[in-house]
2 protein chains.
Amino acid sequence: MTREWVAGLRVVTGAGDLLDCNRGLIKNATGYDLRHLFVGSEGTLGLVVEVDIRLTAPPEPQRVMVLGVSRFRDILAVLDRFQQALTLSAFEFFSELALEKVTAHRKLARPLSDQAPFYALLEFDASAEDKALGAFDTCVAAGLVTDGVLSQSDAQASALWQLREGISESIAACTPYKNDLSVRVSRLPAFLDGIDDLVRARYPDFEVCWYGHIGDGNLHLNILKPDALPQDVFFERCHEISPEIFARVAALNGSISAEHGVGLLKRDFLPFARSAAEIALMRAMKAVFDPAGIMNPGKLLPAA
Amino acid sequence: MTREWVAGLRVVTGAGDLLDCNRGLIKNATGYDLRHLFVGSEGTLGLVVEVDIRLTAPPEPQRVMVLGVSRFRDILAVLDRFQQALTLSAFEFFSELALEKVTAHRKLARPLSDQAPFYALLEFDASAEDKALGAFDTCVAAGLVTDGVLSQSDAQASALWQLREGISESIAACTPYKNDLSVRVSRLPAFLDGIDDLVRARYPDFEVCWYGHIGDGNLHLNILKPDALPQDVFFERCHEISPEIFARVAALNGSISAEHGVGLLKRDFLPFARSAAEIALMRAMKAVFDPAGIMNPGKLLPAA
């Protein structure tokens, strides 16, 4: 929902015009809304010089739950059962490998006494705790969840969050090759099965570290470099599989860059996520806002 | 927040391209987001043929409160006190004249035993009722509110809402000249004082009916046609003052069309709400998406 909190945006375009987009208003229906065109344009249309951000009410006290899950696609059945019972403020997941990396790096305790192949992390209002415990019981009864822990204090909630938030930093030393993929939540089961098989078959010798915002349909697939392998050889091998991964994303009408943007690394893969007509329109809009091509040149849009 | 619920938009442009904008995804950072460009473009760029709307959780049971307020700008002090105490799901207002029209037209009971020049209608979660009653007490103690009523059932909440929702229909017979204005909420006091004085001075013989979504900074200023006056003479007199009203909106960086769009009626006033550079960019974008100018021609954009 975050884009909607940008109530106003002042931008200098590539042509040197200063635009005052939406003027910080809540309601405004006076023609084309340029705000959302600049948000996510990676600086290729203009330079954002000022932003009005709308404030929101502080959240209620939150509870965090971490669950052990045996099978990748069961995570989605767990999501469904919890969403039927209550409103979640977060639903994240990570694999056992990700947990091993983060507990070692940050010297954290494991959340559950037994290992599980995957873990789900849920956050919700403290007032919904009974509903969450009810959903937990139905998940255990259905064999979807092996074990779970519920935060008993804000400090413990924060400690559980570290297990998810510390992952990216804890694998940085492994020079991960990162993918930031999303599909509609309803298409995640089909997507997960295909991708996991593909990666295991093609990289039997690489560690693959999965985690992400699975409640939003957004998965981070991190392939970790073996210590002995030179970085350029590693990246070259990873690049080989990218078109196959992106083709599966495209077949499910998903995104090859869910939250981190296109830049240079994903630029030539943009046709997996946007049609030829859309890319042509993006080029034409770039020409309107930045006729001399001086705004972040070379980024985002593949060469025509 | 409504735009953010449009998760996907399929559009046929004026050039005949079928675009699949955002693909129904929650997270997607693959270049320019065209969704928001089409929402509110009044059909001038393309024809929307399919929309994905995200569902939201049903709201908690709601309570409705109607308050009598003596002075226009006190409504904003009331808004502030309630917002300090709780989260409001609606904050509307209407004038005594609007109340007279709607109670006569729909044969409704008046909400309070005494008349007040203005009324505020508030809606909030039933669980916040105590906080709302506390805020009410502070408003009465500060002399901001003369009286109030709180819904005791869903039926009564619905009856109170009719007092606001029925206004537009109840003045339709008076052939109102409508303005749909917004400014930032913080600028409403300065805006209200100026506009009310202006309208009273220029139209001493016309009834002026104020109501609107004041919590969003959005006011509907309806000037009612006296029965004896021919419609063309009435509209001509109203048109005379529009540039003065819009100049005050522009001085406060507001919107001359908060929620109803520009179309033909407001088209030539667009420069009060959008800069020359923005209008030039809008024309250039129209040329990109609709090179032959076949999409809702003549609407929204003033002639160059």
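Read the figures in this text as sums done on the coordinates, not as results from a lab. In this text, all values refer to a predicted model and were calculated from it rather than measured experimentally. Here Cβ is always computed from backbone atoms with ideal geometry, including for glycine, and neighbour counts include all displayed protein chains.
Other residues within the sphere of radius under 12 Å centred on the Cβ of B:C238, judged by their own Cβ, net out at 0 (K and R +1, D and E -1).
With a ≥ b ≥ c taken as the square roots of the eigenvalues of the C-alpha gyration tensor of the protein assembly as shown, please select rounded if a/c is under 1.5 and otherwise prolate if a/b is larger than b/c or oblate if it is not? In terms of gyration-tensor shape, oblate.
With its label point put 7 Å out from Cα toward Cβ, A:L18 sits 4.5 nm from the same residue's point in the other copies, in order from shortest. Within the same chain, lysines fewer than 8 places from A:K266 are excluded, and of the rest, those with a Cα less than 22 Å from its Cα are A:K178, A:K225, A:K286, A:K299, B:K27. Each residue of the stretch B:225-230 is assigned a 3J(HN,Hα), and the resulting list reads 6, x, 3, 6, 8, x Hz, derived from the Karplus form 6.51 cos²θ - 1.76 cosθ + 1.60 (θ = phi - 60°), x at Gly and Pro. Which one, B:L144, B:N22, B:H260, projects farthest toward the positive side of the charge dipole computed for chain B from Cβ point charges (K/R +1, D/E -1)? Result: B:N22, furthest along the dipole toward the positive end. Per-residue extension of 0.36 nm, minus the Cα-Cα distance of B:E96 and B:L264, leaves a gain of 57.3 nm for this segment.
Sorted ascending by nearby beta carbons within 10 Å, beginning with the fewest, B:L67, B:L76 become B:L76, B:L67. Placing a label point 7 Å from Cα along the Cα-to-Cβ axis, A:D232 is separated from the same position in the other copies by 8.2 nm, shortest listed first. Where a ≥ b ≥ c are the square roots of the eigenvalues of the C-alpha gyration tensor, would you call the stretch A:62-169 rounded, which needs a/c under 1.5, or, failing that, prolate if a/b is larger than b/c, or oblate? Note, shape of the stretch A:62-169 comes out oblate.
Placing R0 at 45 angstrom, the Cβ-Cβ distance between A:L47 and B:V49 gives a FRET efficiency of 0.80 after rounding to 0.05. Could you identify which residue out of A:D227, A:D196, A:D80 has the top mean-square fluctuation in a GNM of chain A using Cα springs shorter than 10 Å? Between A:D227, A:D196, A:D80, it is A:D227 that shows the largest mean-square fluctuation. A point 7 Å from Cα along Cα→Cβ stands in for B:D80, and the other copies hold the same point at 5.1 nm, listed in rising order.
Once both labels are positioned 7 Å from their Cα atoms along Cα-to-Cβ, the gap between B:R202 and B:R283 label points is 2.7 nm.
Would you please classify the overall shape of the stretch A:228-304 from the alpha carbon gyration tensor, given that a ≥ b ≥ c denote the square roots of the eigenvalues, rounded means a/c under 1.5, and beyond that prolate means a/b larger than b/c while oblate covers the rest? Oblate is the answer for the stretch A:228-304, as a/c is 1.5 or above yet b/c matches or exceeds a/b.
The helix-only estimate of mean residue ellipticity at 222 nm for chain A, built from DSSP H runs of length n ≥ 4 each weighted as -39500 (n - 2.57), is -11000 deg cm²/dmol after division by the residue total. Within the stretch A:78-122, what residues put their amide N at less than 14 Å from the label point 7 Å along the Cα-to-Cβ vector of A:A142? Label zone hits: A:78-86.
About the centre of its Cα atoms, the stretch A:126-210 shows a dipole size close to 320 debye [charges on the beta carbon of Lys, Arg (+1) and Asp, Glu (-1) only; nearest 20 debye]. Scaled against the 2.2 N^0.38 Å expected of a compact globular protein of N residues, the Cα radius of gyration of the stretch B:171-251 reads 1.08. Shown for A:H105, B:H220: other C-beta atoms within 10 Å of each C-beta, ranked fewest to most, produce the order A:H105, B:H220.
Electrostatic tally near A:P59: other residues with Cβ closer than 14 Å to its Cβ, Lys and Arg +1, Asp and Glu -1, net -3. Taking GluC sites (Glu not before Pro) across the stretch A:200-265, none is in a DSSP loop with at most 13 further Cβ atoms lying within 10 angstrom of its Cβ.
Charged side chains reduced to their Cβ positions (Lys and Arg at +1, Asp and Glu at -1) give chain B a dipole of some 640 debye around its Cα centre.
Taking the square roots of 5 times each eigenvalue of the Cα gyration tensor of chain A, largest first, gives ellipsoid semi-axes of 36, 27, 18 Å. Rounded to the nearest 20, the Cβ-based charge dipole of the protein assembly as shown about its Cα centre (Lys and Arg +1, Asp and Glu -1) stands at 1120 debye. Among A:V249, A:V288, a tally of other beta-carbon atoms within 10 Å of each Cβ gives an order, fewest to most, of A:V288, A:V249.
Each of B:A276, B:L198, B:A250 was placed along the dipole of the stretch B:178-304 (beta-carbon charges, centred on the mean Cα), and the one lying farthest toward the positive end is B:A276. Extending 7 Å from Cα along the Cβ direction at A:I294 and again at A:L133 yields two label points whose distance is 6.4 nm.
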